[in-house]
Amino acid sequence: RAVAAERERLLGPDHPDTLASRYEAAFVLGRTGRAADALRAYKGVAEARIRTLGADHADTLAVRQEMAYTLGRLGRYSDAHQVYASVLTARERTMGADHPDTLRCRHNLAFNLGRLGRTEEAHRTAREVAAARSRVLGPEHPDTLVTRYEVAYELGRLDRWQEALATYRDVAAARAGALGPDHPDTLAARYETGVALGRLGRCGEALTVYEELVDDRTRAQGAEHPETLRARHGLGVNLGRLGRWAEALAEAREVRALRERTLGPDHPDTLVSRREVAVALGWLARWPAALTEYRLVAAARERVLGPDHPDTLVARDDEAHCLEQLGHAAEATELYRRVAVLRGAAAG
């Protein structure tokens with residue numbers, strides 16, 4: 001910001017160097033969680049670059065692509081899609097279909113299609129980009145592996161878990177070779193192999209993956225790092241799937257306590273762990289204690305997300321199910337009815 005202000009004073013507001021500094025300021029705003037501020041800053045730079053450099057200039061397209069990314073961060077996926085599609089058309093026309101910047105834009109478009117629920121399109125686009133990046137950059141280039149990771153993610157959303165597992169394993173092995181076994185991207189791919197194994201009912205193998213991953217995350221990032229706790233959560237889930245509910249309850253309680261201390265009591269991950277505590281209590285037939293936990297989750301989600309948010313409604317369904325188990329049929333029925341009304345209103 002200081003450099004941008006000084007450059008504007010010395011060179012003028014539309015000088016390329018001034019705009020470069022304003023672009024950097026916007027970038028940092030976005031990466032520090034201030035997405036709305038970043039979007040406003042990017043928009044100003046984009047308007048100036050269109051005016052001075054033209055709509056198809058590489059610098060103009062770069063800032064518009066960051067605008068699209070930021071729109072996605074804000075949950076405005078339809079707006080992001082429109083900008084990505086426009087930038088992609090310009091990049092293909094001016095740079096060619098296989099230019100790395102064009103492929104980066106197509107990768108982002110595929111990611112955004114997935115968030116729009118257009119899973120088949122997202123999968124097809126990601127596969128095309130992965131093939132092109134492999135051809136242009138090499139099969140083990142980090143960008144190629146990022147797109148193959150997205151292919152695997154979309155395969156999972158299509159319930160094609162066997163293919164997803166194979167792809168995640170390939171990505172994990174390639175990242176271990178190219179980036180190192182303790183690189184965060186390598187560890188992320190290993191985590192997803194555990195998810196896929198669990199979805200395939202291979203819970204014993206998934207448990208082994210998570211046990212090893214917890215050890216490696218703890219060594220590389222620390223016992224209280226969010227990703228270490230995420231791996232421990234996966235471990236606890238698979239203990240439950242194997243029927244080891246007392247161990248699952250102990251793990252969920254420890255993870256919830258650590259997440260509450262490091263992330264805060266209302267953080268989504270903390271609430272997911274609190275819900276896992278409730279699930280384990282239910283399987284152990286400790287329904288009164290489970291009801292207390294489910295109600296805490298529902299109240300926190302309603303406070304943070306609103307009464308009609310999908311996650312809040314899921315929490316209320318959990319609460320109603322627990323009430324049924326306790327024999328409070330009338331109270332459960334009324335809660336189910338309220339949830340149905342809120343879902344209907346949201347859908348309408």
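The values are calculated or read from the model by the stated rules, or taken from the named source; none is laboratory data. All values reported here derive from a predicted model rather than from experimental measurement. Here the Cβ positions follow ideal geometry from the backbone for every residue, glycine too, while neighbour counts run over all protein chains shown. SASA here: full protein model, heavy atoms, side chains in, ligands and nucleic acids out. Shrake-Rupley method; radii C 1.70, N 1.55, O 1.52, S 1.80 Å.
Here's the yes/no breakdown for (1) surrounded by 18 or more Cβ atoms within 10 Å (Cβ to Cβ); (2) more than 28 Å from Ala97 (Cα to Cα); (3) of a type outside the set (Ser, Thr, Tyr):
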| residue | (1), (2), (3) |
| --- | --- |
| Pro139 | no, no, yes |
| Thr144 | yes, no, no |
| Tyr153 | yes, no, no |
| Arg157 | no, no, yes |
| Glu163 | no, no, yes |
| Cys203 | yes, yes, yes |
In segment 210-223, what residues are part of a helix (DSSP H, G or I), free of Cβ contacts under 8 Å to residues at least 24 places away in the same chain and over 21 Å from the mean Cα position of the chain (by Cα)? Glu212, Asp215, Thr218
In segment 107-130, anything within 18 Å of Ala80 (Cβ to Cβ) and either crowded, with 19+ Cβ neighbours inside 10 Å or touching a strand residue (DSSP E or B) at 6+ places or on another chain (Cβ under 9 Å) (or both) is listed as His107, Asn108, Leu109, Ala110, Phe111, Asn112, Leu113, Gly114, Ala122, Thr125, Ala126, Val129
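Of all the residues that make up segment 257-275, how many are over 20 Å from Gln325 (Cβ atoms) and either open to solvent by less than 50 Å² (accessible area, probe 1.4 Å) or touching a Cys at 6+ places or on another chain (Cβ under 7 Å) (or both)? Outline the logic, then answer.
Here is the first cut: in segment 257-275, the residues over 20 Å from Gln325 (Cβ atoms) are 257-273.
Narrowing further to those that are either open to solvent by less than 50 Å² (accessible area, probe 1.4 Å) or touching a Cys at 6+ places or on another chain (Cβ under 7 Å) (or both): 257-259, 264, 270-271, 273.
Summing the residues that are over 20 Å from Gln325 (Cβ atoms) and either open to solvent by less than 50 Å² (accessible area, probe 1.4 Å) or touching a Cys at 6+ places or on another chain (Cβ under 7 Å) (or both) in segment 257-275 gives 7.
Farther than 26 Å from Thr144 by Cα, among the basic types (Lys, Arg) and surrounded by fewer than 23 Cβ atoms within 10 Å (Cβ to Cβ): which single residue out of Arg230, Arg244, Arg199 fits that description?
Details: Arg230 fails: farther than 26 Å from Thr144 by Cα; Arg199 fails: farther than 26 Å from Thr144 by Cα.
Within the list Arg230, Arg244, Arg199, the selection yields Arg244.
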When residues of segment 59-83 are filtered for being modelled with pLDDT under 95 and hydrophobic (A, V, I, L, M, F, W, C), how many remain? 1
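Residues are listed down the side, and each one gets a yes or a no for (1) of a type in the set (Ser, Thr, Tyr); (2) assigned by the TED database to the domain that holds Leu335; (3) free of Cβ contacts under 8 Å to residues at least 24 places away in the same chain:
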| position | (1), (2), (3) |
| --- | --- |
| Glu254 | no, no, yes |
| Glu260 | no, no, yes |
| Leu263 | no, no, no |
| His267 | no, no, yes |
| Leu271 | no, no, no |
| Ala280 | no, no, no |
| Ala285 | no, no, yes |
| Val297 | no, yes, no |
| Val304 | no, yes, no |
Is at least one residue of segment 248-255 touching a helix residue (DSSP H, G or I) at 6+ places or on another chain (Cβ under 8 Å), open to solvent by 50 Å² or more (accessible area, probe 1.4 Å) and aliphatic (A, V, I, L, M)? no
Mind checking which residues of segment 301-348 are open to solvent by 40 Å² or more (accessible area, probe 1.4 Å) and among the β-branched types (Val, Ile, Thr)? Val304, Val314, Thr333, Val341
In the set Ala278, Ala289, Ala298, which member is of a type in the set (A, V, I, L, M) and open to solvent by 30 Å² or more (accessible area, probe 1.4 Å)? Ala289
